[in-house]
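Notes for the one structure printed next.
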Amino acid sequence: MTGKTRYEIRLERKMRRIPFLIPFITIATGFTLFAGILICAYYFQEGLLWTFLPAGLMGHAFFIVVVHDGAHKSITRSKLDRYLMNLGCAVMLLPFYGEGFRKYHLIHHANTNSNVDPLWPSQKKQFYENYRWLYILCELVPLLYTGFLVFAQKKQSSELATKAKSPRINYYHIIWGSAISIGLIFWLQPPIYFLVGTLLTLNIFSTLRHWCEHLGYDRTKTSNTFWFPLGMGIGNHDTHHEHPHVSWFVLFLGLFKRKKDTRLWRTVFGVFFKKSFHHYEGH
């Protein structure tokens with residue numbers, strides 16, 4: 001534990017002494033965000049077609065709170081977190097996403113910015129460095145790079161197996177999650193244009209957040225600390241990488257004490273217009 005992260009570790013330990021406090025805060029926050037998305041869907045059907053925009057932002061926050069923390073066992077610190085993670089994906093009608101996210105995200109944490117970091121494969125890096133606008137265009141397509149990871153990186157499988165600890169995908173969770181998603185589709189009958197708009201917006205926010213996390217001018221860094229709209233503490237990213245088990249709520253509180261390295265608009269400007277704005281390298 002470093003002095004820089006001592007506050008979050010102390011706070012995490014203190015909050016964990018109160019049984020179910022962090023799980024209650026997380027589940028209540030996730031439920032509130034999901035309810036907000038349903039309200040946006042209702043008003044979309046009433047004619048307010050712009051409501052997919054806040055729905056996408058709340059969906060992005062929902063994934064941080066429930067899916068991301070579930071992947072790290074940061075909710076209950078037990079195997080139950082994997083069920084919560086997959087349940088979160090199921091109610092968001094993406095039942096196949098959770099297991100793949102868990103697998104590749106944990107590899108990312110074990111090999112941040114390295115040549116086997118699945119969030120920055122060599123093909124993606126080449127696009128960014130040589131065809132910046134094509135890279136940006138591809139980033140706007142939801143699940144494009146996720147699909148690339150799952151289906152098109154066969155040649156890297158041996159390298160991942162030897163250099164990266166690779167968690168297994170459990171298809172049992174995908175099956176029961178799919179059953180819940182199908183049931184919700186028949187019950188709620190969500191408007192297809194709302195779903196597409198929400199997914200596109202969610203993907204844009206996820207892309208912007210990743211740029212804020214691991215891109216910048218200083219090549220000696222590995223990640224940034226920053227504010228992000230409904231970022232749910234994930235902007236406290238140096239601390240998150242040093243202590244991935246710390247919950248989103250503690251990261252959010254700790255973010256008030258951290259010096260910010262970058263800003264959203266500074267990052268967007270760098271990606272679009274500065275050749276010297278690079279993805280950080282592994283150290």
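Each value in this text was obtained by applying a stated rule to the coordinates, not by laboratory testing. Note that this is a predicted model, so its numbers are computed, not measured.
Quick notes on this one:
- Prolate/oblate/rounded call for segment 1-61, Cα gyration tensor, a/c under 1.5 rounded: oblate
- Sequence-distant aspartates and glutamates (8 or more away, or on other chains) whose Cα lies within less than 20 Å of LYS125: ASP117, GLU139, GLU159, GLU213, ASP218, GLU281
- When each full DSSP H helix of the chain is screened for a Cα extent of at least 27 Å along its own axis and an average Kyte-Doolittle hydropathy of at least 0.5, the helices passing are 21-45, 192-214.
- For the chain, modelled as a GNM whose springs connect Cα atoms under 10 angstrom apart, the maximal fluctuation among TYR135, TYR83, TYR172 occurs at TYR172.
- Filter on LYS73/LYS221; LYS73/LYS257; LYS73/LYS260; LYS14/LYS73; LYS221/LYS259 - keep pairs with C-alpha separation over 19 Å: LYS73/LYS221; LYS73/LYS257; LYS73/LYS260
- Relative contact order for segment 3-273, counting Cα pairs under 8 Å that sit 6 or more residues apart, in percent: 24 percent
- Springs between Cα atoms under 10 Å define the GNM used for the chain, and in it the highest mean-square fluctuation of TRP187, TRP211, TRP248 occurs at TRP187.
- Cα gyration tensor category, rounded, prolate or oblate, for segment 198-247 with a/c compared to 1.5: oblate
- Shape category assigned to segment 3-273 from the gyration tensor of Cα positions, a/c cut at 1.5: rounded
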